[in-house]
Every structure is written in structure tokens, then in C-alpha cells.
Amino acid sequence: MNPESTLARLQATLPDGKLPSSYGVYFKNTLVALCHALEDHILQTSSGDDLALKPLVLVTFQQGKWYLQEADRYFDIAKASRQVVIGAVADSGFATHKTGQLENVSLIELDELDPIIQEWNLIILAPTYKAMVLCRELTAQEYLPEGKPEVDTERKFYGLWSFDQSLVSASAEIFIEQTRHYNSSLADSLLEIHHEILATVGPPLADISGVVTRIVTYLQSSQQQMVAINRQTRDLWELEGQALRVSRNLNANKLQAFLRMAQRVDERDTSNPTASLQVAALSETLGQLLDLPALQLRRLRLAGLLFRVGLVSAPNEVFDRTSDKFDEGTLSFWRDRSFIGSQLLQAMPEISPVAEIVKHKLENWDGSGRPEGLRGEDIPIASRIVGLVACFQDLTQPRGDRPALSLTEALERCRELSGTRFDPALVETLGNVVRLADMGLMELPTRPTQLPNIWLEDLGDRTQTATPALTVDS
């Protein structure tokens, strides 16, 4: 650890030289989410005009990279704070932003040789609570053997977080002293504010460290999983690129005909015209989370694109009302749609595994589904995935007199069917994806990683004009 770093200086102040248990190596997005949560707390709790109860916020942005992404956010944070001090390199662009013009915002233009430019720190001191995140990115040597990652989400930081008043106060004093050679009068002013805050009595904040520990652990494990997925996807692209070059076979025209059928079904469904793309994309994501092999992922993606092919000759009411409004004939057709689709696809033996996925999409976890009443693990995993995702995606779009549901509402509907219609483990996996999207750690995919050329040629403006789906409520 660099002896000049904030982390090292804090460690030197501790009686036993031992940093808190939260100290470790974290992925960037884990720390971003934690900082956002602390910043949101400022925005949610620092209301009113009582300046004495508002927090002092001390922050450094690693080489200015972070601030440029959140400049407007800090404008609101500054208005909810007593004082904000931001350290960034001179060319970060902060000085020309409106936040930098606020009276209670002080800028520190960090020297390029100052070790603190490798750090990303957030320290919050208020009479009612103290909180901080301190971190420093690994050096190129510490990233060995792979070396420094090219993908931003794979970057790692030594870091810690704490709500302990003594630790946060000690870190604040270290921060303030680091500013002294830049602006001694500012350092004196900050020390005065610091002491005033420590002397101000406010209502105690409930101990939330246990909750935060669980959240951070969840975020970190999820990020680890997502990094693995991203690496697997890159490998998959390479493998599929090789496969595509050697698999342009005589069956291409027949497969294109099936894909055209699927497109026509989507075009008829004016309330959900990109269903096949979105189901294929989200099914692929769940398959990656479950670490399915490359060949199975490829079949899963194609099954997602073709899962509605059985509706090619469906009556119009299938697309303009919910199934509880169908007449008996339409309801019978609707119940057999997956079997009908699989029979169509069986005309091409080369994709019979895909036909089997489509065939068993409507099997239920408790054995009450169609067409064969398969139960539990006897249902192919890919069929379980497509069945769950298709239901979830459809719920996020309007259907007849039923309005589109939010992601959370659609997930809750699926949870209600967990253990009866859907595999409980898959519902939980889908829930993890939705939570990651809700936290801003990922975007739910709207198109699979690769699309057949025929589909790409005919997309037109449908993906732009369709009602957006699978989006997180703001």
C-alpha cells in the first residue's frame, strides 16, 4: 500500500494498525453503487434550512474520471449539504460546470504527481451520522497476471467503507490535511466545520452496518458473476464467429423461412412487436448466469427468436386481449401454441433441439402444464427459461385492457407462480437480474448478442417505434 495514500495514513492512526473488516478488493461497480446509496441518503435526509444539520461532504475523483459522469448529481448534493469539497485534476472540466460555481463548493485542483489522484474517496460528516468510502485502484503490477483490464466494469480497487464515527472523523482530518498545501485557509475552515459537526448533538441514526454488509456482499458477488458472464460472452462471440464461417449450409433458406414467420407474428402483435427479440435476449442472459455451455446458449437464443412461431395462423384476438377473454376455440389454440410451433420446426431436423425447447415451454414445474405434463427437473432447462422469460416479458407490455406492468410488478407476478408454474431457482435468478438493473449495475438486454442476418435485414424501425419494454422505472 502506498504510504502516502489515505488508506495507509488511516491505518497508521489505528492503535493496532488493523483496518476494519470491510477492507478488501472491490469491483468498480460495487463501489459506485455504495457511493450512490450514501449520496442518495444526503438527498433524502438533508431537507430544511438548518445549516447545522447538513453534512460536510469531502470527495476526490480518481483523475477526474468519476466527476464528469455525475456532475449534475453533485449539483443537487451540494444544495443539500453544508459544504462540499471536491478534489480533481485541473482538466476534469469541473471548474466550468455549474456545480463548481456554487458558493458552498470548493475545488481542489490536484497535482498530477499527488498520489491522491489514484484514489476515489467519499467522506460524509453530519451531526446524525458519519459515513465514508475510501478506495484506490490496483496498479498495473497488482492486476497481474491478466494485466490491467480493458473493460471498465472489470476494474478493481482496494477499499473500505465505514459508519464508525472515529474512523470517519480520522479520515476527514487526513483529507483536510491533504488539502492544506493546496489551500491552507480552506483547510482551517474545514477543520472548524468538522469540529462544529462533532460538537452538534443530533438524533442518533440506527445501526445499519449489518444491512450494508449484506448489500455490499450481494453486489460484489453479483459483479463477480457479471464479469464472468462478460468474459464468457466474449469467448462465445469468438467461437460463434468461427462457427458462422463454416455453417452457411443448404438449410439456410429453410431457417430463414421460420425466422420470417416469427417476425410476422411479432408484426401482428402491435402491442408487443419486439417480443421475440427481447425474450431471446433475456433468455440468453439467464443462460449465461447459469453457466450453460456455448452450444446450449446458441440453441436457447434461437428458441427465443422462434418461441411464437406457432402463432403464425392465430386469430387476431390472440394479440388484442388477455387469455381470460378468449372464446373456447381460441383458448384451445392458445394452449397448444408451443406444440404447434414445435411441429412446424420439426420440418427442419437440424434444429430439432430448438423445436424441443419450444415444445416444452408451457410445461409447469408442478407437472400441470402441456403438452406432456413434465414435472420439475424433467422439463428441459432451456424450456423452463424461455417459459419464464416469455411470461415476464409479456407482462411488461399492455395486453387488451391490462396495462403494462413495471419490472418489479411483473417479477412479483412470476414469484406468485414460483413452485407451481415456474422453477423457483430460475425465478430467483431472474430476480437477481432485475435487482441489478434496478440498481443501475446493468441494463436489461433488448436484443440477443447475435442475430441471424435475415432478422437484421428486416428490423427496420420496429425497435425504435415499439413501446419500450424491460426498462426500469425512473
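Taking every pair of Cα atoms in region 6-206, average 1/r, invert it to obtain the Kirkwood radius, and report Rg/Rh to two decimals. Provide the component values of the computation, followed by the final result.
Numbers: Rg = 16.3 Å, Rh = 17.3 Å.
Rg/Rh: 0.95.
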Region 116-178 shape via C-alpha gyration tensor axes, a/c threshold 1.5:
prolate
Compute the separation of the alpha-carbon centres of region 23-47 and region 99-160 and state it in Å as a whole number.
13
If R0 is 25 Å, what FRET efficiency do you get for residue 331 and residue 375 from their C-beta distance, rounded to 0.05?
0.60
Length gained, residue 409-residue 199, 0.36 nm per residue minus C-alpha separation, equals 71.0 nm
Quick P(r) readout (region 312-367; Cα-Cα; 10 Å bins; whole %) gives 23, 42, 30, 5
Principal axes first, then extents: for the Cα atoms of region 248-465, list largest minus smallest coordinate on each axis, whole Å, largest first.
43, 41, 39
For the residue 45, residue 95 Cβ pair and Förster radius 30 Å, calculated FRET efficiency rounded to 0.05 is 0.55
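Could you line up 279, 354 from fewest to most neighbouring Cβ atoms inside 10 Å?
Least crowded to most crowded, the residues run 354, 279.
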Based on a Kirkwood Rh over C-alpha pairs, give the Stokes-Einstein translational diffusion coefficient of region 382-427 at 20 °C and viscosity 1.002 mPa s in µm²/s.
200
Exposure proxy order (Cβ contacts within 10 Å, fewest to most) of 414, 391
391, 414
Among the lysines, which have Cα under 22 Å from the Cα of residue 28 when same-chain residues fewer than 8 positions away are ignored?
65, 148, 156
What are the aspartates and glutamates whose alpha-carbon lies under 17 Å from the alpha-carbon of residue 98, with same-chain residues fewer than 8 places away excluded?
70, 72, 76, 109
Mind checking which lysines have their Cα closer than 23 Å to the Cα of residue 325? Skip sequence neighbours fewer than 8 apart in that chain.
361
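Read-outs: derived from the displayed coordinates by stated rules, not from any lab. Since this is a predicted model, take the numbers as computed values, not measurements. Don't worry about glycine lacking a Cβ; one is built from the backbone with ideal geometry, like all the others, and counts go over all protein chains shown.
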